[in-house]
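The values are calculated or read from the model by the stated rules, or taken from the named source; none is laboratory data. Since we're looking at a predicted model, the values are computed, not measured. Here the Cβ is made from the backbone with ideal geometry for all residues, glycine too, and neighbour counts use every protein chain on show.
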C-alpha cells in the first residue's frame, strides 16, 4: 500500500489561508488522494478527494502536483473550528483499505 | 454520504469482561470496517465486516479477541473480549458505498471510548 508523509504539526492565524502538504511519492496511477480531518473527540470527517485535477468544495481545495507525487490541502480562511488533525490517505479503487499515517495537527491561533 | 451511529458512546469496564459495540448506518452500504485509535495515536484498521461471512482481520488482530458480526447491510457489531487495560481505546466504525471504479470514500462513526480498569 502506498504511504503518505505529512508534517506532524502546523500553526495558522485565524482568517488566514492554510496550506497542508502531503507527499506520496509511491502513488500509483489508480490511487485517489483523500483528505480527512478529525476534530477533538470525534470520528474522522471527509474533507475532499481527487485523482489528477485540482478540486474545490465548500470546505477546502485540493491542489495535486502534476506528477501526483504530492498534494496540498488548502483551507482558504482558517477558523478556530478548523483546529484538528488532518490526514492524507491514498486509496486504490476496489481495495477499500485505508492506511492512516500520523497526520498533521493544525493549531489555529486567534 | 452516510450517517453512522455507535452505541455505547463510552464505557468503563472491568478487566476480564467483554463489551459489544454496535454500529448502525442510515442507508445500505457495501463495506463496513472497524478501527481502533489508541490514546494519542492514529487509526488502525482492525477488520472488515463482511455480510453473511466471517470478518477479514488485519495483521495483529484475531477473531477470538475481536469477534465481529454483520447480519445485514446497515448494522455491525464488534466485541472486545476478555478485556485488559491495553484495550482502552476509541473504537470506530466506518462504511463505504464502494461504487465500482470510483473513489472508496469512507464515512466514520463518532466512536466508542472504552476505558478498561
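Total residues in region B:79-103 satisfying the condition of being within 14 Å of another protein chain (Cβ to nearest Cβ) and either within 16 Å of residue B:4 (Cβ to Cβ) or under 12 Å from the mean Cα position of the chain (by Cα) (or both): the figure is 10. Just checking, how many residues over region B:29-69 are more than 21 Å from residue A:42 (Cβ to Cβ) and without any contact (Cβ under 8 Å) to a residue 60 or more places away in the chain? Number satisfying all stated conditions: 23.
Please enumerate the residues belonging to region A:101-110 that are surrounded by fewer than 17 Cβ atoms within 10 Å (Cβ to Cβ), assigned to a strand (DSSP E or B) and under 13 Å from the mean Cα position of the chain (by Cα). A:105, the sole residue that qualifies. Taking region A:19-100 as the region of interest, the strands (runs of 3 or more DSSP E) fully inside it that hold 3 or more residues being under 27 Å from residue B:33 (Cα atoms), touching a residue at least 60 places away in the same chain (Cβ under 8 Å) and in contact with a strand residue (DSSP E or B) (Cβ under 6 Å, 6 or more places away or on another chain) are A:31-38, A:84-92. For region B:1-32, the set of residues classified as in a strand (DSSP E or B) and at pLDDT below 95 consists of B:31, B:32, listed by residue number.
Among the conditions (1) modelled with pLDDT of 95 or more; (2) within 13 Å of chain B (Cβ to nearest Cβ), the only one that residue A:83 does not satisfy is (2).
Candidates in region B:4-16 are the residues that are loosely packed, with under 13 Cβ neighbours inside 10 Å and over 13 Å from residue B:111 (Cα atoms); of these, the one that is farthest from the other protein chains (Cβ to nearest Cβ) is B:16.
Would you check if residue A:110 is farther than 27 Å from residue B:56 by Cβ, free of Cβ contacts under 8 Å to residues at least 24 places away in the same chain and more than 14 Å from chain B (Cβ to nearest Cβ)? The answer is no for residue A:110. Which residue is farthest from residue A:22 (Cα to Cα), if the candidates are limited to region A:71-85 and must be under 13 Å from the mean Cα position of the chain (by Cα) and buried (at least 19 other Cβ atoms within 10 Å of the Cβ)? Result: A:82.
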